[in-house]
Amino acid sequence: MKVLVLNCGSSSVKFELIETSLQAIEQTADRTIARGAIEKIGTNSALINYYPAGAERHRDAREILDHETAVNLVVKLLTDGETPVISSPEEIDAVGHRITHGGERFDHSVLIDEEVARAISDCIDLAPLHNPHNLKGYQIAKKLLPEKPHAAVFDTAFHQSIPPEAHLYAIPYVLYKRHGIRRYGFHGTSHRYMIFRIHKLLGLPRNGTSIVSCHLGSGCSVCAIRDGLSIDTSMGFTPLEGLVMGTRSGDLDPALLFHIMAKEDLGTHEINTMLNKHSGLIGLSGVSNDMREIQEEIDNGNQRAIIARDVFVYRAAKYIASYMAMIGKQVHAIGFTAGIGENSPDIRRRICERLSIFGIELDEKANAECIGTERRISTENSRTAVYAIPTSEELVIARDTVRCVEGVL
Ligand code: ADP
């Protein structure tokens, strides 16, 4: 089955065409046919990147003012661009949509019908910056491929297994009942990819295996996984909670907001922007939200860049340690993924050094050599295995789409 995976953001459309089936899933024989992204939609210089498998990458920049034009272009690139990979849109068997928020309604992926589309729309309140664009992507694709099945794969669904003691905030309970205020968690598809790979690498079954999954990219989250289920995660009602991120603060004393608003004469919109856009690595360092640039500045002796890195590392290690304790039994593996987790041996080493109390021992050479590849980076003696695992959220979305279409989900 050829599944088109679509991820529509506020100004981007990312896509991947994946050939997969129940049998291919079983044999890990899924295959990417082409992938790409259209970014800066809404401008006269939108960026188009298209990677047909085994052929040269295409890059282009042109005016693309809306998502409809972008999604149409995706289909055109696949069918009759410079390197077409299928002969007509009819060859696309199903479409898998990344949907940010499924609220408490969705604890797994589903085929989208009118009622599901309405439920996704009802979750706009919970994810006003993401769900409208995800939904728009579905509506455009549905118009283009009306006869094909479309599946919704939610970022939050995996975390619906988190028990109340970990998903409730200690605020008046009526707020949970009235407004759904609770921990939802995000990056669910990325943490699920981690589980899939670690189970394969360790040769262990889902039941009885415990993992701490660390997604360290522009956004960052840690997830505690027992028997294949999420039992806690660091992102909360929104993606702002938890780890230090590129531009987000992560955890802080909530009373700080009122203090800062008073001292700096800020309104709610401004404090929201401050915490989401001007905090984290950029806020602390004053240099960049990009860990590579932070590391360059550290090499130049920039003290604030050092502080930014150290707060980032400390917070990540603190979460991993607390999740190892909450899992409450042997943790078989810690996995690092996303831009920083996959590519920064230095950050992985610093985090793991703080976890030596758990008997974690990195293989310095394996860690240093492992950049952007999948590898075990701990020694044979390490009580918990540590892995770097390049993530593929698209593969998880394509596989879920197949399972939905085949009726096995
Ligand atoms: P997103 O997809 O959420 O935008 P990514 O997963 O691409 O984010 O992660 C972006 C982060 O990864 C940035 O902080 C970037 O600096 C970091 N990163 C990428 N490559 C490296 C590297 N070689 N060393 C350190 N950090 C890196």
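Quick notes
- Take every DSSP beta bridge whose two residues both sit in the chain; close to 70 percent of them are antiparallel.
- Cβ-derived FRET efficiency at R0 41 Å, Leu252 paired with Ser356, nearest 0.05: 0.90
- Only helices enter this figure: runs of n ≥ 4 DSSP H residues, each worth -39500 (n - 2.57), summed and divided by the residues of the chain, yield -12000 deg cm²/dmol at 222 nm to the nearest 500.
- Compared with the dominant Cα axis of the chain, that is its longest principal axis, helix 303-327 is turned about 80°.
- Isotropically averaged projected area of the chain, using the convex hull of Cα atoms (one quarter of hull area), nm²: 21.1 nm²
- If you plug the beta carbon distance of Gln303 and Asp60 into 1/(1 + (r/R0)^6) with R0 = 45 Å, you get a FRET efficiency near 0.60.
- Pairwise centroid distance, computed over Cα atoms, of the stretch 1-34 with the stretch 165-188, Å: 32 Å
- Residues listed by number, the stretch 136-155, amide nitrogen under 17 Å from Glu90 label point at 7 Å toward C-beta: 144-149
- Between Ala325 and Asp290, the distance separating the two model label sites (each 7 Å from Cα on the Cα→Cβ line) works out to 3.8 nm.
- Were the residues from Leu22 through Asp346 laid out at 0.36 nm apart, the gain over their Cα-Cα distance would be 112.8 nm.
- Positive-end residue, the stretch 2-154 charge dipole about Cα centroid, Cβ charges, pick of His97, Ala53, Ile25: Ala53
- Ranked list, fewest to most other Cβ atoms within 10 Å of each Cβ, for Met326, Met194, Met274: Met326, Met274, Met194
- If the chain linking Ala29 and Lys136 were pulled fully straight, counting 0.36 nm for each residue of separation and taking away their Cα-Cα distance, it would gain 35.4 nm.
- Ordering Phe358, Phe258, Phe154 by the number of other Cβ atoms within 10 Å of each residue's own Cβ, fewest first, gives Phe258, Phe358, Phe154.
- When the C-alpha to C-alpha distance is required to be over 18 Å, the pairs from Lys14/Lys76; Lys2/Lys76; Lys2/Lys142; Lys40/Lys136; Lys2/Lys40; Lys277/Lys318 that qualify are Lys2/Lys40; Lys277/Lys318.
- Residues whose amide H comes within less than 5 Å of that of Leu168, counting only those at least five positions distant or on another chain, are Arg183 (H built at 1.01 Å from N in the peptide plane).
- Paramagnetic label reach from Glu380 (point 7 Å along Cα→Cβ; backbone nitrogen cut-off under 20 Å): within the stretch 202-219, residues 202-204.
- Simple spin-label estimate for Thr83 and Asn44 in nanometres, 7 Å along Cα-Cβ: 3.0 nm
- Projected label distance in nm at Lys200 and Leu175, using a 7 Å step from Cα toward the beta-carbon: 4.2 nm
- Among Ser190, Ser218, Ser234, the ranking by other beta carbons within 10 Å of each residue's beta carbon, starting with the fewest, stands as Ser218, Ser190, Ser234.
Any read-out appearing in this document is the output of simple, stated calculations on the displayed coordinates, not a laboratory observation. A quick note: this is a predicted structure, and the numbers were derived from the prediction, not measured. Reconstructed Cβ throughout: ideal geometry from the backbone, glycine too, with neighbour counts over all protein chains shown.
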